[in-house]
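A.B. asks: A single structure is presented below for examination.
No lab work stands behind these numbers, since they all come straight from the coordinates. Bear in mind the structure is a predicted one, so any value in this text is a computation, not a measurement.
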Ligand code: FES
């Protein structure tokens, strides 16, 4: 009868078993790492998504009906807004480096500055109360809807909310790096 307290012998079979297990583990790790990196890529160094605080010249509560305020994305660090929706040259997730906060029929909206045709920056036509694109003549109502020109659809919204002080709004965006 074998002595249960006697130390187990490290046989050649045991050694081969451990060696094969180690080899298979190494193969899975080395082969699977690129796949994992492809599926869950690390955020580029220095980039971070989050709300961007934008300081406006006019407090949000004092914006008059039919008035729009232009703003730009912060440049230090270099940042951009993230479009919430889009058509034509704009799509949800695309970046914008400026926008407008507009009050129209009592409703506040934030739009990316990019024309939905080919992305040129629109400007506010204060007389006509419209957003006009200087590149090919597309025009948009203050509610973002296109009414003239080759743009295939409305302006892209930016997701926003009021900040803690009256002049600040927070817009979904990304810090691109320093
Ligand atoms: S880019 Fe605006 S009309 Fe073409």
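A.B. asks: Please report Rg over Rh for the chain, where both radii come from the alpha carbon positions and Rh follows the Kirkwood definition.
C.D. replies: My calculation of the ratio gives 1.42.
A.B. asks: Restricting to DSSP H runs of at least four residues, report the calculated mean residue ellipticity at 222 nm for the chain, -39500 (n - 2.57) per run over all residues, nearest 500 deg cm²/dmol.
C.D. replies: Calculated at 222 nm, the ellipticity per residue is -5500 deg cm²/dmol.
A.B. asks: Something else now. If you fit an axis through the alpha-carbon atoms of helix 12-39 and take the longest principal axis of the Cα set of the chain, what angle between them do you get, 0 to 90°, nearest 10?
C.D. replies: 10 degrees
A.B. asks: Once you sort the root eigenvalues of the Cα gyration tensor of region 89-143 as a ≥ b ≥ c, which label holds: rounded (a/c under 1.5), prolate (a/b larger than b/c) or oblate (the other case)?
C.D. replies: Here region 89-143 falls in the oblate category.
A.B. asks: Which of these, 54, 122, 30, has the largest mean-square fluctuation under a Gaussian network model of the chain (Cα springs below 10 Å)?
C.D. replies: For the chain, modelled as a Gaussian network with Cα springs under 10 Å, the answer is 30.
A.B. asks: Could you work out the relative contact order of region 37-178? I mean the mean sequence separation of Cα pairs under 8 Å and 6+ apart, divided by the number of residues, in percent.
C.D. replies: Rounded, it is 31 percent for region 37-178.
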